[in-house]
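For reference, the structure is listed below as structure tokens.
The values are calculated or read from the model by the stated rules, or taken from the named source; none is laboratory data. Computed from a predicted structure; not experimentally measured. Positions of Cβ are generated from backbone atoms using ideal geometry, with glycine treated the same way; all protein chains shown enter the neighbour counts.
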Amino acid sequence: MSFGPDLAAMNNVPAAKLTLRQALFLLVVVPIFFLLTLEMGARVLEIFWASKSSGANAPQVLEMPTWMLKEANSTTRPKVDKDDLEWLNLFQEGNGYRVNLKPNASANVKNTFSLIPSDRNRRRVIQSNSIGFRSPEISRSKPTSTFRILVFGDSSSFGWGVNAEESWSSLLQKRLQEEHPKSKIEVANFAIPGDSSAYGRLIFDAFAPEYESDLVILGFGANDAKLVFTSHTDQVSRFSNNSLLGDTRRLLRHSALFRGFERALAPKRPSAEEVAKKLASQRRVAAVSRGAYADNLTYMAAKARELGNRNALILTLCTPGDYAREARVAAKRTQSLSFNGQGSLIRLISKAKSGEAYPEYVQAMQESYPSSLRQNDRFYITSDGCHPNELGHRYIADRVASIIDRAGLIGG
């Protein structure tokens, strides 16, 4: 008598075969459900850790070029906390270029770089359009009877430290529209803080061919001359050589699960002392050499003509003299318009102080921060030694409008 299962009989029982639907369910639906569950969990954890770390106030020191206020180069800038750097959250990794703004984003941010105490806590609105730039919306095709300008540049053209309507690109559109009521004037701003001509060339190549225009303005120089440990030219070369890998990584970064793996596998961040020791042993180089800077400007100005623009205008702001000279060389090489806004702004100071130029702006500054103006008269045109202030932007807009009118570009 046997009280156990008949193993022999069981071994002879044929295994049940899976249907095609069952096989697909096990091979496709179950793994997808499992990954979605992990993704949801990763997103919850991401939100949790973000809320836990929101109160962190690790001090940081900001670096920026200060060609217009040389003594500030050796001045220790105020340490800033997380609230001062909230504007960084407005930016995202670009698609084929360094960074741009998150589309349709808006925030009131502090003028973090300002050296004027009363100005540092003033908040300005930074708002982006649907493609991630601080610019009005424009169509790819240029409407009839429209004169369109595309602006590519760095933070001085972006309008750092002023509201969008106070930036020279916005004021330029307004003035040209008043002077040419029979034409519709559009000025689209593709400038991004921190961009050099090497980084900006990537944005130019991505958008200049896509949007019909009549004039391209190129405003680079401050970040090209900045001393860095890895040149922007080398960075762009590496980026171009690994474009497929970069595209894949950007796609995967939409997943919180992938972002979690990236953070987990990232090498341990060195201490401040370790970083300082390492940097002290490294040699700094210009972000973009003078020759490469001239070549980048030459390329973009010539390409603008190829794309059907009537001309290009090379504008230098917060740019040291040797780079400004290279900009003039590039303009002559391509028969483009040029304007040394840097030197022109400095020459404006004496007229501003005497009340001959823009008295309404000067009066407001004298009432708000008279001691800062007495400390250094370049605060009449900038609040941080680099970026134009409201008066500076107004002046640049007026001068650029005059250059455009003298060239007969609108209606010509």
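Of Arg374, Arg378, Arg399, Arg394, which residue is free of Cβ contacts under 8 Å to residues at least 12 places away in the same chain and basic (Lys, Arg)? Walk me through it before giving the result.
Details: Arg378 fails: free of Cβ contacts under 8 Å to residues at least 12 places away in the same chain; Arg399 fails: free of Cβ contacts under 8 Å to residues at least 12 places away in the same chain; Arg394 fails: free of Cβ contacts under 8 Å to residues at least 12 places away in the same chain.
Of Arg374, Arg378, Arg399, Arg394, the one residue that is free of Cβ contacts under 8 Å to residues at least 12 places away in the same chain and basic (Lys, Arg) is Arg374.
Which of (1) in contact with a Lys or Arg (Cβ under 8 Å, 6 or more places away or on another chain); (2) without any contact (Cβ under 8 Å) to a residue 24 or more places away in the chain does Glu165 not meet, given it meets every other one?
Result: Glu165 fails condition (1) only.
Arg333 fails exactly one of the following numbered conditions: (1) at pLDDT 95 or above; (2) touching a helix residue (DSSP H, G or I) at 6+ places or on another chain (Cβ under 7 Å); (3) surrounded by 15 or more Cβ atoms within 10 Å (Cβ to Cβ); (4) farther than 20 Å from Ile203 by Cβ. What is the number of that condition?
The single condition Arg333 does not satisfy is (3).
Would you point out the residue of segment 339-368, among those that are within 29 Å of the chain's Cα centre (by Cα) and not in a helix (DSSP H, G or I), that is surrounded by the most Cβ atoms within 10 Å (Cβ to Cβ)?
Keep residues of segment 339-368 that are within 29 Å of the chain's Cα centre (by Cα), which gives 339-349, 361, 365.
When the remaining residues are screened for being not in a helix (DSSP H, G or I), the result is 339-340.
Details: Phe339: 22, Asn340: 20.
Out of the qualifying residues, it is Phe339.
For segment 123-182, how many residues are assigned to a helix (DSSP H, G or I) and either farther than 27 Å from Asn296 by Cα or not polar (S, T, N, Q) (or both)?
First, pick out the residues of segment 123-182 that are assigned to a helix (DSSP H, G or I): 155-158, 164-166, 168-179.
Still in the list and also either farther than 27 Å from Asn296 by Cα or not polar (S, T, N, Q) (or both): 158, 164-166, 168, 171-172, 174-179.
Of the residues in segment 123-182, 13 are assigned to a helix (DSSP H, G or I) and either farther than 27 Å from Asn296 by Cα or not polar (S, T, N, Q) (or both).
When both residues are 6+ apart or on different chains and their Cβ atoms are under 9 Å apart, which pairs have a first residue that lies in segment 328-347 and is within 14 Å of Tyr293 (Cα to Cα), and a second that is part of a loop (DSSP other than H, G, I, E, B) and modelled with pLDDT of 95 or more?
Between residues of segment 328-347 that are within 14 Å of Tyr293 (Cα to Cα) and residues that are part of a loop (DSSP other than H, G, I, E, B) and modelled with pLDDT of 95 or more, the close pairs are Ala330/Ser336.
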